[in-house]
1. For a test of the definition: using alpha carbon positions, the gyration tensor, and the 1.5 limit on a/c, classify region 29-80 as rounded, prolate or oblate.
2. In nanometres, what is the gap between the two model label sites at Arg27 and Ile62, each 7 Å from Cα along Cα-to-Cβ?
3. Kindly provide the helix-only [θ] at 222 nm of the chain, computed as the sum of -39,500 (n - 2.57) over DSSP H runs of four or more divided by all residues, to the nearest 500 deg cm²/dmol?
4. Counting other beta carbons within 10 Å of each Cβ, put Tyr5, Tyr67 in order, fewest first.
5. Please order Lys43, Lys24 by the number of other Cβ within 10 Å, starting at the fewest.
6. Multiply the residue gap between Leu12 and Glu49 by 0.36 nm, knock off their C-alpha separation, and tell me the result in nm, one decimal place.
7. Normalising by the residue count of the chain, find the relative contact order in percent from Cα pairs under 8 Å and 6+ residues apart.
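Read-outs: derived from the displayed coordinates by stated rules, not from any lab. Given the structure is predicted, the values throughout are model-derived calculations rather than measurements. We place every Cβ from the backbone using ideal geometry, glycine too, and count neighbours over all the protein chains shown.
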Amino acid sequence: MFPWYSSAMLVLESNRVIGLRLTKLTRGGCEAGDEANLMVAEKMAAAFEAVETLLTGGDFSIVVDRYREHVTANATRLIG
């Protein structure tokens, strides 16, 4: 695969999740607050995971692929 492919796909897939989250947040209510809290917690956990991967000798492509897994899980959760 092309070295830039995963990064480009992460950008496209993230855009979709951003749209889904913004839709949920604009509706307001408890679900919006829960989503905001979950979003912050997920971002912090993903950042720590990325740093750990890189500090233990992992490659940047591993980090990108793992972020894509997180994004896919969020898209699935937000659609369902």
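1. Since a/c reaches 1.5 but b/c is at least a/b, the shape of region 29-80 is classed as oblate.
2. 3.8
3. That comes out to -31000 deg cm²/dmol.
4. Tyr5, Tyr67
5. In increasing order of surrounding Cβ atoms, one gets Lys43, Lys24.
6. 11.2 nm
7. This gives 45 percent for the chain.
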